[in-house]
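The values are calculated or read from the model by the stated rules, or taken from the named source; none is laboratory data. Every value quoted in this text rests on a predicted model; they were computed, and no experiment measured them. Backbone-built Cβ (ideal geometry, glycine too); neighbour counts: all protein chains shown. Heads up: the accessible areas ignore ligands, DNA and RNA and are worked out on the full protein's heavy atoms, side chains in. Shrake-Rupley method; radii C 1.70, N 1.55, O 1.52, S 1.80 Å.
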Amino acid sequence: MRCPLVAGNWKMNLDRTRGSQLVAGIRAGLDSLGVCERVEVLVCPPAVYLYPIAEALKGTPIRLGAQDLYHEPNGAFTGEISAAMIAETGARYVIIGHSERRHTIGHLEDDRAINLKVRAARAAKLTPILCVGETLPERSAGLTLDVLTFQITAGLVGVSVVTGADLVVAYEPVWAIGTGQNATPQQAQEAHGHLRSRLHELVGPAADEVRILYGGSVKPDNAEAVMRQPDVDGGLIGGASLKADAFVGIVQAALAKVV
Ligand code: 13P
């Protein structure tokens, strides 16, 4: 049985004080649910807040992750942050290849850059959360499963996955991110089942231990239906992770999967 993972991707939001207040609110909500062993909960703040949020998380079961890294270990890479630097903050996860980095920000990351980042994360004993997902034109052209096959295959070149701690995958259809238009539970299961099959081919039996998260306009009122799908093992949450009540509501929906 895979332990569901609910991860908050704060993106470029909040500040130090509001981040700490959010953590306090999530903590209080989780205490009242009593979920800590059945659902894993993760927050991914902006990099400058990793240390203060690590401090705020002390004594809680909530885990810490980063939103990106650079694949080189050190050197003249102005503005970048290495996997070892992230690990030193106490973070154990790192989001890699988020669609905003593939399609929106700066020089637009390609699958080769993303693969190097996955490898760097693993070398530093961080768990990469490898994001994949099709755009609306790709879906309309019937290419969704081909895109997912390509992205998961390219992202994992040279990466060995032996246990569920070695990798998390996030399926985030680009057209569902921040739009309020989430994938139907059936669309999500089709994509997740396909990713699980490709993972079997790529990494063998550990594919059954790898959590595959759904992301894209997940809210407390639509979370349970998508999480109940057999190959959906939790969520990567954007907007709704910025409010303690909403985020805890989504954790509660994930809990319904395991009770
Ligand atoms: P929203 O939940 O705001 O749609 O964002 C999803 C996402 O991109 C999480 O990484």
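Assorted remarks:
- Cβ-placed point charges (K, R +1; D, E -1), dipole of the chain about Cα centre in debye, nearest 20: 420
- By the helix-only formula, in which each DSSP H run with n ≥ 4 contributes -39500 (n - 2.57) and the sum is divided by residues, the chain has a 222 nm mean residue ellipticity of -12500 deg cm²/dmol.
- Segments 146-152, 127-133, 108-114, 171-177 sorted - mean Cβ within 10 Å per residue, highest first: 127-133, 171-177, 146-152, 108-114
- Viscosity 1.306 mPa s, temperature 10 °C, Stokes-Einstein D of the stretch 132-259 from Kirkwood C-alpha radius, µm²/s: 107
- Pairwise centroid distance, computed over Cα atoms, of the stretch 211-259 with the stretch 3-23, Å: 15
- Peptides 231-244, 59-72 ordered by average Cβ neighbours within 10 Å, highest first: 231-244, 59-72
- Loop GluC sites (Glu not before Pro), the stretch 1-74, which have at most 12 other Cβ atoms in a 10 Å radius of their Cβ (DSSP): Glu37
- Percent of C-alpha pairs per 10 Å bin, the stretch 172-213, short to long: 28, 44, 24, 5
- Cubic angstrom per residue, convex hull over Cα atoms of the chain: 115
- Between Arg38 and Asp208, the simple spin-label model (points 7 angstrom out along Cα→Cβ) gives 2.3 nm.
- Accessible area of the chain belonging to carbon and sulfur atoms, whole % at 1.4 Å probe: 54
- The chain, accessible area per residue, ligands and nucleic acids excluded (1.4 Å, Å²): 43
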